[in-house]
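A.B. asks: I'd like to ask you about the structure that follows.
The values are calculated or read from the model by the stated rules, or taken from the named source; none is laboratory data. Predicted, not measured: the structure shown is a model, and the values here were computed from it. Please note: Cβ atoms are built from the backbone with ideal geometry, for glycine as well, and neighbour counts cover all protein chains shown.
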Amino acid sequence: MIFFSSSSMNKKLLIILFFILFFFSAIFSPALALTQKEEETTVKTTPIISSLEKSLLIPGWGQLAEKRYLEGILFLSAEVFCFYKILSYNHLGNKNYELYKKAATVDDAVHYRQLTEKYDARRNQYLLTAAAVWAINLLDIYLIIQDKSKKERALQFKLESAENKKITLTASYRF
């Protein structure tokens, strides 16, 4: 089955690499880092895109937004690796399919057809693997968000003593 021509595959790989470089440069840019004092003075706003939505678009992006860098890099690199292998096996399958169509003998045609089917099967395996990485990524970010929301809804007690020997007990509930 033919998805991409060999010349367009190089362009698509180049576009994907530029996107990844742009993505990482935006995440790890020192200009975006705030000092602790600046963080305290900034007003909390709700993000435009939640972590779950980020992970829905690009696996690992939500984990990176939640400052779980190891998980985020693992999911992102696994997905990029899968897409690289998909494009690689697709290219090999297309190349052997062209040789199959141009085969002069029956033996050559059978050989190239078997290679085409072999590479198409491997491409499909990586497609399924990429889908599995994406699904596990979504499950992971969902569990992170659920765990975070449980912490925010907790009942807290605070015991303080002042200089004039007063003791205060404060109870708070976040929801």
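A.B. asks: Restricting to the stretch 51-106, what's the tally of residues that are in a helix (DSSP H, G or I) and closer than 22 Å to ASN137 by Cα?
C.D. replies: Total meeting the criteria: 31.
A.B. asks: Look through ILE73, ILE58 and report the one residue that is closer than 23 Å to GLN125 by Cα, surrounded by fewer than 19 Cβ atoms within 10 Å (Cβ to Cβ) and at pLDDT below 95.
C.D. replies: Of the residues listed, the single one that is closer than 23 Å to GLN125 by Cα, surrounded by fewer than 19 Cβ atoms within 10 Å (Cβ to Cβ) and at pLDDT below 95 is ILE73.
A.B. asks: Being loosely packed, with under 11 Cβ neighbours inside 10 Å, farther than 25 Å from ILE141 by Cα and at pLDDT 90 or above is the requirement here; does THR42 meet it?
C.D. replies: In short, no.
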